[in-house]
Amino acid sequence: ASTIPKTICSMSFDDSNSIFFNPFVPCRSLEWIEVEEDCPLFSSADGVLFNKDKTRLVGYPEASPRESYTVPENVTYIYANAFNYLQHLKNLTIPDAVKELYSGSFLGSVSLEKVKLPSRLEVLEQYLFKNCQNLKSVEIPKGIAFIMNQAFEGCSSLNNITLHEGVTVIMEETFKDCSGLTIINLPPRLTT
């Protein structure tokens, strides 16, 4: 477990005085993140790191023994690398209030099997699920217009995927090394 003291005053901040990535990647043995109660910048719930008012999820501990997790409904923003290298989490649900996920958000999370993405997403960023070797099921939201390069690279357990009418761009190597992929359901306009 890691405890963030209330005296913390900086942790890789950007110009708007906000942290922009998970500071605990890679911490392969980290099971729980705790924050002292009076910390002005951060809070924690169930061992997961959030900003003070719990509207932004900063980081999920890589070695947490939990197999399922639902991001709280009040979360609107998930930091880059928040769910990297997960070792035990199999099922993840992200609420519809989240409208953007960053490049490599789930990178190397070998335990992930099923992810429910928020319906408001428009882009599947590059390397989003790269090397999520046990990923079997991802429901692509209907609002997705762009699938960036290598979004599913190395997802060898993914066997089928359905793309909707809104998809306008699929970048190179999106499904590279997806050796189990046997069915891709394309919208009619992409099959001609």
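The values are calculated or read from the model by the stated rules, or taken from the named source; none is laboratory data. The shown structure was predicted, so the numbers you read here are calculated from the model rather than taken from an experiment. Side chains are part of the model used for accessible areas, which takes the heavy atoms of the whole protein and leaves out ligands, DNA and RNA. Shrake-Rupley method; radii C 1.70, N 1.55, O 1.52, S 1.80 Å.
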Roughly speaking, to the nearest percent, how much of the range 97-188's 1.4 Å accessible area is carbon and sulfur? 49
Of the beta bridges DSSP finds with both residues in the chain, what % are antiparallel, to the nearest 5? 25
Normalising by the residue count of the chain, find the relative contact order in percent from Cα pairs under 8 Å and 6+ residues apart. 12
Counting only heavy atoms of protein chains, what accessible area per residue, in Å², does the chain have with a probe of 1.4 Å? 48
Sum -39500 (n - 2.57) across every DSSP H segment of at least 4 residues in the chain, then divide by the residue count to get the 222 nm mean residue ellipticity, nearest 500. -500 deg cm²/dmol
For the range 35-82: relative contact order, % (alpha-carbon pairs under 8 angstrom, 6 or more apart): 29
Would you work out the relative contact order for the range 54-130, in percent, from Cα pairs under 8 angstrom that are 6 or more residues apart? 29
Heavy-atom accessible area order for Glu100, Glu73, Glu153, largest first, 1.4 Å probe: Glu73, Glu100, Glu153
With the chain treated as a Gaussian network of Cα nodes joined by springs under 10 Å, which of Asn91, Asn51, Asn74 yields the largest mean-square fluctuation? Asn74
